[in-house]
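K.L.:
One structure coming up, written as structure tokens, with questions to follow.
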Amino acid sequence: MKTESHTLTFSAFMALLIGCAGIAATLASNSQAILLDGLFNLIYFGVALVTIKVSRLASRPDSESYPFGYSYFESLVNLCKGLLIFGVSIFALVDAIAALLTGGRAIAAGIAIAYALFATAACSLTAWVMHRSLRSVKSPLVEADKANWVVNSVISAAVLAAFCLVLVFEKLQWQSVLTYIDPLLVIAVVVLCLGVPVRMASQALRELLNKTPEEALAEPVHQAVGRALADIDTHEVRVRMVRPGRLLYVIVHVVLPATPDVSIADQDKLRAQVDEEVRRYYSPVVCDVVFTADTRWAAPSCGLLVEKHT
């Protein structure tokens, strides 16, 4: 798929399809592992509808209502995704532990295996489509969806393998073990995959809190700014950056000598050089370059009035 909107729409459709199939299979099999998978996908479908809207907003320029653009909506959506997945996982974990303490839960293995086989194939197909789309679509929303579908594929495959064990144990007439397979499976899946929603939510939260991006991105940007300003005399250069969603916002304060020999036209050329150098490493990007002869305008500030020294 060549566009972000089409890719996210396909992801939403698959989440709805698998979610409905999961709820139907739960009613027939009595498996809480399948219920977990069905609820997860139905919740994800609801979030996906919002994600599609946000993907369209993120490509728009800033407006009077949102003077810094719409990129923060991407981080907000990914935070909600992570928290929702985390919440469903914890709910399933508590329910599975309660089932273990009360003698387990009997399930219909045949129906459970059929659903798990379908879910594994559908999730794997969707993850592959997300992966292929990322070749032409650079989007944190699609990347988050890909991570979700990869995890979902692994979970579905693990569920399939465990339900196959139910048939084996039935043949061996290990009736005392059968009722514990489903809750143990839920616990194992939640424990192994809980890190994914935690990482997704924590990354989005750092973006919303305006934390500097990871060093792998920040250091090349610092170097790019240094190269762009290498030909002028400066007292100090401060580079600050945040990355809400897909947009990298860079603000550069350049402190010049008290009597700088840099005209406004020269400053505009330097701004263009900074923007060009940074774009070699990352895009989309907004670069604001501020020239000043007073270090207080470049110094860290909490927004309080700074006394002017005479």
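K.L.:
For region 124-146, how many residues meet the condition of being assigned to a loop (DSSP other than H, G, I, E, B) and either surrounded by fewer than 19 Cβ atoms within 10 Å (Cβ to Cβ) or among the hydroxyl-bearing types (Ser, Thr, Tyr) (or both)?
P.N.:
Here is the first cut: in region 124-146, the ones assigned to a loop (DSSP other than H, G, I, E, B) are 134-139.
If we keep only those that are either surrounded by fewer than 19 Cβ atoms within 10 Å (Cβ to Cβ) or among the hydroxyl-bearing types (Ser, Thr, Tyr) (or both) as well, we get 134-136, 138-139.
Total satisfying the criteria: 5.
K.L.:
Hey, another quick one. Which of the residues spanning region 105-123 are surrounded by fewer than 17 Cβ atoms within 10 Å (Cβ to Cβ) and in contact with a helix residue (DSSP H, G or I) (Cβ under 7 Å, 6 or more places away or on another chain)?
P.N.:
The answer is Ala106, Ala108, Leu117.
K.L.:
Another question about this same structure. Could you please give the count of residues in region 45-69 that are buried (at least 20 other Cβ atoms within 10 Å of the Cβ) and farther than 16 Å from Ser5 by Cα?
P.N.:
1
K.L.:
Among the residues of region 65-86, how many are more than 14 Å from Ser55 (Cβ to Cβ) and in contact with a strand residue (DSSP E or B) (Cβ under 9 Å, 6 or more places away or on another chain)?
P.N.:
Our first condition is that a residue be more than 14 Å from Ser55 (Cβ to Cβ); within region 65-86, this holds for 65-68, 79-80, 82-86.
Checking the rest, the ones that are also in contact with a strand residue (DSSP E or B) (Cβ under 9 Å, 6 or more places away or on another chain) come to 68.
Total satisfying the criteria: 1.
K.L.:
Quick one: how many residues across region 193-231 are in contact with a helix residue (DSSP H, G or I) (Cβ under 8 Å, 6 or more places away or on another chain) and either part of a helix (DSSP H, G or I) or modelled with pLDDT of 90 or more (or both)?
P.N.:
Start the filter on region 193-231 by keeping residues that are in contact with a helix residue (DSSP H, G or I) (Cβ under 8 Å, 6 or more places away or on another chain), which leaves 193-194, 196-205, 207-208, 212, 221, 224-225, 227-229.
Within this subset, residues satisfying the condition of being either part of a helix (DSSP H, G or I) or modelled with pLDDT of 90 or more (or both) are 193, 196-205, 207-208, 212, 221, 224-225, 227-229.
Total meeting the criteria: 20.
K.L.:
Give the residues of region 69-119 that are over 25 Å from Ala158 (Cβ atoms) and either of a type outside the set (A, V, I, L, M, F, W, C) or modelled with pLDDT under 85 (or both), sorted by residue number.
P.N.:
Gly69, Tyr70, Ser71, Tyr72, Glu74, Ser75
K.L.:
Is it the case, given these coordinates, that Leu17 is assigned to a helix (DSSP H, G or I) and in contact with a Gly (Cβ under 6 Å, 6 or more places away or on another chain)?
P.N.:
When the stated conditions are applied, Leu17 does not pass them.
The values are calculated or read from the model by the stated rules, or taken from the named source; none is laboratory data. Quick caveat: nothing in here was measured; it's all calculated off a predicted structure. Cβ coordinates were reconstructed from backbone atoms using ideal geometry, including for glycine residues, and neighbour counts include every protein chain displayed.
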